[in-house]
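Each remark here refers to the structure printed beneath this line.
Bear in mind that the values in this text are calculations on the coordinates, not laboratory data. For clarity, every value in this text was computed on a predicted model and none was experimentally measured. Note: ideal-geometry Cβ built from the backbone for every residue, glycine included; neighbour counts use all protein chains shown.
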Amino acid sequence: MENLVTELKGKWNVLKGKAQQKWAEVNENDFDENEDKDSFIDKMDRKTDGARENIEEWYDRQIERSENWRLKLKGEWNELKGRAQQKWADLSEDDLDNDQNEYDRDSFIDKVVAKTNETKEDVENWFDKQFNKK
């Protein structure tokens, strides 16, 4: 899971780099992961020499790619939760949910340890093995 999260963050950094290569006027401060599409496109349109349609097309492609990664990450995480519930029958869906940081390894491990009789080391080893199987 950590590898997938790291890879997703790496993809975001690659995309930022590609935008900076494509539009020389763009710099690191122009990127906000929480910015909505229209705000981003308006800002990029002002910073570059127009070409709004090109910016919008580029943005849509990048978002589609990142959404594919998010879905993959979510699928991997849900698969992990299912495997944990198979291994430890006492775990419920609610036990494994974490609204604060959905894909947090340490929080997940702490929750499993709290609900089972497993040691933290055993749960960490199990967690890490789940991602080395693929």
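Given the pairs 16/111; 18/87; 43/72, which span a C-alpha to C-alpha distance of over 32 angstrom in this model?
16/111; 18/87
For 63, 109, what ranking results if the residue with the fewest other Cβ atoms within 10 Å of its Cβ goes first?
With the fewest neighbours first, 63, 109 line up as 63, 109.
Work out the FRET efficiency for residue 72 and residue 92 from their Cβ-Cβ distance, taking R0 = 22 Å, and round it to the nearest 0.05. It would help to have the intermediate numbers written out before the result.
Numbers: r = 25 Å, r/R0 = 1.13.
Efficiency, rounded to the nearest 0.05: 0.35.
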